[in-house]
Amino acid sequence: MEEHIISKAIIETYTEQLISHLDVDAAIAGGGPSGLVCAYYLACRGLKVAVFERHLKPGGGMPAGGMMFNNIVLQDEARSVAEEFGITLKEYSGGLYTADAVEAISGITFKAVKAGAKVFNLIGVEDVVIREGRVTGVVVNWSAVDIAKLHVDPLAVRAGTVLDATGHDSEVCRIVEKKTGSLKVAGEKSMWAEKGEKALDENTREVYPGLFVCGMAANAVAGSPRMGAIFGGMLLSGKKAAGLMLKKLRR
Ligand code: 48H
């Protein structure tokens, strides 16, 4: 059990995975619940999926529940998707269920990775590649570079489809807005749970050729309300995005 062999094992296998994910079917920016759910459904269909998550731990806002009370609420419509990830639902009232936020995000993350999606944590998406009016890849860099404000040039990943699952800031869409002028990010509106959850389905779509948006980012782009710590829409949005991306890739 030699230390340098342990180091070699880590570096060699990680590098192999990174190289093999330089050309993917789907590059997902953001490893929150919606991005990971999408990654799971795409990987289940045999697609090559890379999730780039800027933080140390995947999960986004889900493990924090609502204001750090780490339970979440889901609605009836999302029950079957939640159950697919092994999330234990407790019936509350009015068609609502509660779940343990840590169990929920652990189940989603575990199943996405087991299905074959590769999560590259500590790597952020800082730009996209655009060819002839279509997003064809993402530009990535270590989060540590960003935090330390170092001048280190990024690397690029080719992708058949790109998903903005970066949450409230809809970062990838904002980049495309800024650089092309042909996508408008309206910004999310104040909290209205029912309206926000309903709007999410329609807002989950291809917003620019090759670029899809899901989760909180979808409502931010469309100018729809936020919804608070109800997560059913996030799961359904991730699943819908996977279906749309799959269709695009098969065309
Ligand atoms: C790589 C990035 C980048 C980047 C950000 O915020 P999330 O949990 O997003 P969703 O949409 O899956 O879930 C939203 C939900 O958590 C939420 O906030 C709700 C329901 N709010 C309602 C309300 O009213 O407040 O996850 C996004 C992830 C995070 O882990 C970020 O670290 C990551 O994306 N991320 N990763 N490159 N440029 N930007």
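Observations on the model:
- Kirkwood Rh, Cα atoms: Rg over Rh of segment 155-251: 0.97
- DSSP-loop trypsin sites (Lys or Arg not before Pro) across segment 88-193, with at most 11 other Cβ within 10 angstrom: 149
- Inter-label distance for residue 144 and residue 114, nm, one decimal - labels placed 7 Å from Cα along Cα-to-Cβ: 3.1
- Efficiency of FRET from Cβ geometry, residue 77 and residue 13, R₀ 30 Å, rounded to 0.05: 0.15
- If the chain linking residue 152 and residue 246 were pulled fully straight, counting 0.36 nm for each residue of separation and taking away their Cα-Cα distance, it would gain 30.5 nm.
- Where GluC sites (Glu not before Pro) in DSSP loops with at most 15 other Cβ within 10 Å are excluded, longest remaining stretch of the chain: 3-131
- Among 123, 82, 92 - extreme Cα towards positive end, dipole of segment 78-133, charges at beta-carbon: 82
- From the alpha carbon centroid of segment 60-75 to that of segment 229-251 is 20 Å.
- The residue 134 and residue 55 beta-carbon pair, evaluated with R₀ = 35 Å, returns a calculated FRET efficiency of approximately 0.75.
- Among 88, 13, 136, the largest mean-square fluctuation in a Gaussian network model of the chain (Cα springs under 10 Å) belongs to 13.
- Total formal charge among the other residues, if their Cβ is under 9 angstrom from that of residue 30, Lys/Arg +1 and Asp/Glu -1: -2
- The chain - charge dipole about Cα centre, Lys and Arg +1 at Cβ, Asp and Glu -1, debye rounded to 20: 720
- The chain: projected area of the alpha-carbon convex hull, averaged over directions, in nm²: 14.7
- Computed over segment 92-215, the P(r) curve from all C-alpha pair distances, binned at 5 Å from the origin, holds 2, 8, 14, 18, 19, 17, 12, 6, 3, 1, 0 percent per bin.
- DSSP-defined beta bridges in segment 23-249 - what % are antiparallel, rounded to 5: 55
- Length added when fully stretched, residue 127-residue 64, from 0.36 nm per residue minus Cα-Cα: 19.9 nm
- Farthest towards the positive end of the charge dipole of the chain, among the residues 32, 222, 235, is the Cα of 222, using unit charges on the Cβ of Lys, Arg, Asp and Glu.
- Max mean-square fluctuation residue, GNM over the chain, Cα-Cα springs under 10 Å, options 123, 19, 72: 19
- Taking the Cα centre of segment 141-251 as reference, the dipole from Cβ charges on Lys and Arg (+1) and Asp and Glu (-1) amounts to some 420 debye.
Readers should treat all values here as calculations from the given coordinates under stated rules, not as data from a laboratory. Everything numeric in this text was worked out from a predicted model, so none of it was measured. Methodologically, a virtual Cβ is constructed for each residue, glycine included, from the backbone with ideal geometry; neighbour enumeration extends over all protein chains shown.
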